[in-house]
Amino acid sequence: MDTMVSNMIELSIKGMTCSGCTNAVGRALRKVPGVTDVSVDLEAGRAWIVGTAAKNDLVAAVENSGFDVMESAGTVAMPSSRKGGCCCG
């Protein structure tokens, strides 16, 4: 059985003003290899990313889409067991 460790990374993002902005940030983050889930909150000015992507790759994706990353609020390891490449084991 393969054990993969995903991380949840929280980024504080400056410059998002509408749902178009959150969609642009979400699209940019989803293109980063290793990203499995993305949630972007306009009011909080934050994005939560799950996967194995490096934090600096995520920051670069956000900045390349025209927004500023103010801080990385943190990273939490999320172990998951996968058998045969299927999430249900």
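Going through the stretch 20-63 one residue at a time, which ones are polar (S, T, N, Q) and either in a loop (DSSP other than H, G, I, E, B) or over 10 Å from the mean Cα position of the chain (by Cα) (or both)?
So the first thing to find is which residues in the stretch 20-63 are polar (S, T, N, Q), and the list is 22-23, 36, 39, 52, 56.
Result: T22, N23, T52, N56.
Listed by first and then second residue, the pairs linking a residue in the stretch 8-20 that is without any contact (Cβ under 8 Å) to a residue 40 or more places away in the chain to a residue that is surrounded by 14 or more Cβ atoms within 10 Å (Cβ to Cβ), with Cβ atoms under 7 Å apart and 6 or more places separating them unless they lie on different chains, are S19/L42. In the stretch 1-19, which residue that is among the β-branched types (V, I, T) and part of a strand (DSSP E or B) is surrounded by the most Cβ atoms within 10 Å (Cβ to Cβ)? Among them, the one singled out is I13.
None of the figures in this text is laboratory data; all of them are computed from the coordinates on show. Keep in mind that this is a model prediction, so the values were computed, not measured. A quick note on method: Cβ atoms are made from the backbone with ideal geometry, for glycine too, and the neighbour counts reach across all protein chains shown.
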